[in-house]
Structure formats: structure tokens, C-alpha cells
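Notes to accompany the following structure.
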Amino acid sequence: MRRALAAAMTAALLALTGCAGGAASDRPLVVVTTNILGDVVSHLVGDEADVLTLMRPGADPHSFEISAAEAARMRSADLLVANGLGLEEGLQQHLDAASADGVDTFVAGDAVEVLPYSSTDADGADDPHFWTDPAQMIAVVDALTPMLESVAGPAVADHAAAYRAELETLDADMTAAFAAIPAERRALVTNHHVFGYLADRFGFRVIGAIIPGGTTLAAPSASDLADLVSAIDAAGVPTIFAESSSPDRLVRALADEADRRVEVTELFTESLTDAAGDAPDYLTMMRVNTERIATGLSP
């Protein structure tokens, strides 16, 4: 009994020692709200800073929550990076608290050319989903790099130049892939209004979304769904896209209501997956989505 108790106490002491060692990093801390921005920031800082990403893989950025410990780390960060434009609805009180404590904060939405939601239900609210256009992400990287340099040092500039080149290649590849889709077939329907920036940049029409307005926290009415079915039929939409972070039951029901065969294809739009998934990082997510959209809408 004594030996078992001693072993347990030793294990606990070792665990505490290990935790203390892990927390004793002398590198600066950058806290990032969403996992998409967390991936980008990680590429920009490399090993020059610790990056804490609050949003788990597969989570919904509109509604995810954080622990008290994570909230405390936000208030002690050297830099806080947020999406802004109303995206992190469930996190706003913590963002406000960190700002009030004097934490330097970078809001990505301040660096982009903001578009309003295409949905009339959103009453002209700003659309926070800028990352669906890689040119907008390039603007974010350009604006964020100097702030990260001030925190993590001059090596950030080299990391940023390399990552910016990858974004430019992604942009060119997306342009070429979407140019091959006939104009009359560039019509998008998804769970939630998330493709406004992509549509504006690459010449798509957003026919509609199952969830009205600009947040996944809303709910569609029967008349909303009936109107969307009519719009799908009128536009001849061949594929509806279901977001990986949202249930696709309504999407499939909507496809079943259309007067012809409509495919349902999953996209990764508001969250990355874990390392084993199909969208473990931003660049991969965008390439997978591009291929699936091109395949789903091409003749």
C-alpha cells in the first residue's frame, strides 16, 4: 500500500515538473482565435514564437468556447490575432477583456477589402469569411508580418516571403481551375453564406444558403427552404456544397426536393481538420475545395 502511494506521489510530482517545464518557454506567445489563422500564423513565425490556437479542428467559429485557462493565456499573450468582422461570436467577451488588459491585438478583418453578406437576411452586415479568396489572405499576411516581426524577430520576414509565394501560387491555380467552369454553371449553394469573397473574386453566383443571414446560429424557415428549392431548380444547380463544420441533413433534404438529380459534396470552409483529415492546413483546404467545386460544377 505504501509503495503504491509513494509511486503515485512520485508520478504526480513528475507530471507537475513536466507541466512546469512546458510552461517555462522563453519564446513569445501568440494567441490566435481560429484554426485557419492559427495555421497561417504558425507558418509565419516558425520556431520563433509559441502559437496557441483556441479553436479546435472541426469546430464552428461562430460558437466555439474556450476554457478559463485559455482565457487567462489570452490576457497574457504578446500578441492576439483574431479574425474579427463578427466571426467569433462566442468569444467576443474574452477578446474585449484581453484588449482592456492592454494585449496587442491584430484583427485580420481590418486588413481586407470587406464585403457585405450577399444574403438580404444579413441586413448588409460585414462578411467575415475573407479567406475563401487567397488574395485577401495575402493582404492579411502583408499587414500581420510587421506585428509578428516586432514580437518574434526578423526571421518572420523570410517565413512570410516564402508563405506569400505559396499563396500567390494557390491564387493562380484557383484562377485557372475556375476559369474552366462554364459561366452558366458557376452557381453556389451551401449550408451557410460563406462563399461571398470567392464568388466576387472568381465570378460565381451565390444562389443561396440553407441557413439564412450571416451566422450558423440562425435557422431556416419552411418558406426559406421552399424559395431556395425554386432557385436551385431555376438555376439548374448540379451540386450543393455542405460545410464540414455543419450537419448536412438539411442539404440532402434540399437536394431531394429539387426536381432533378442534385449531388451533395462536402467542403472545408470555416475550420481545418486534424492532421489525419483532408484539410489539415489552409493551403490544402483551399486546394481540396477548389478541386471539389470544379468537379461538382463542371459538365
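The values are calculated or read from the model by the stated rules, or taken from the named source; none is laboratory data. Since the structure is predicted, the reported quantities are computational estimates derived from the model, not experimental observations. Reconstructed Cβ throughout: ideal geometry from the backbone, glycine too, with neighbour counts over all protein chains shown. Heads up: the accessible areas ignore ligands, DNA and RNA and are worked out on the full protein's heavy atoms, side chains in. Shrake-Rupley method; radii C 1.70, N 1.55, O 1.52, S 1.80 Å.
Here are some notes:
- Packing order of peptides 190-198, 264-272, highest average first: 190-198, 264-272 (average count of other Cβ atoms within 10 Å over each peptide's residues).
- Each Lys or Arg adds one and each Asp or Glu takes one away; over the other residues whose Cβ falls under 15 Å from the Cβ of Phe178, this sums to 0.
- Per-residue 3J(HN,Hα) values for the stretch 289-299, derived from phi via the Karplus relation 6.51 cos²θ - 1.76 cosθ + 1.60 with θ = phi - 60°, read 4, 4, 5, 6, 5, 4, 5, x, 9, 6, x Hz in sequence order (x marks Gly and Pro).
- Accessible surface computed residue by residue for the stretch 36-132, with neighbouring protein chains in place and a 1.4 Å probe, gives 42 Å² per residue.
- Alpha carbon convex hull of the stretch 41-105, volume per residue in cubic angstrom: 97
- Split the accessible area of the stretch 57-124 by element, probe 1.4 Å, and carbon with sulfur accounts for 43%.
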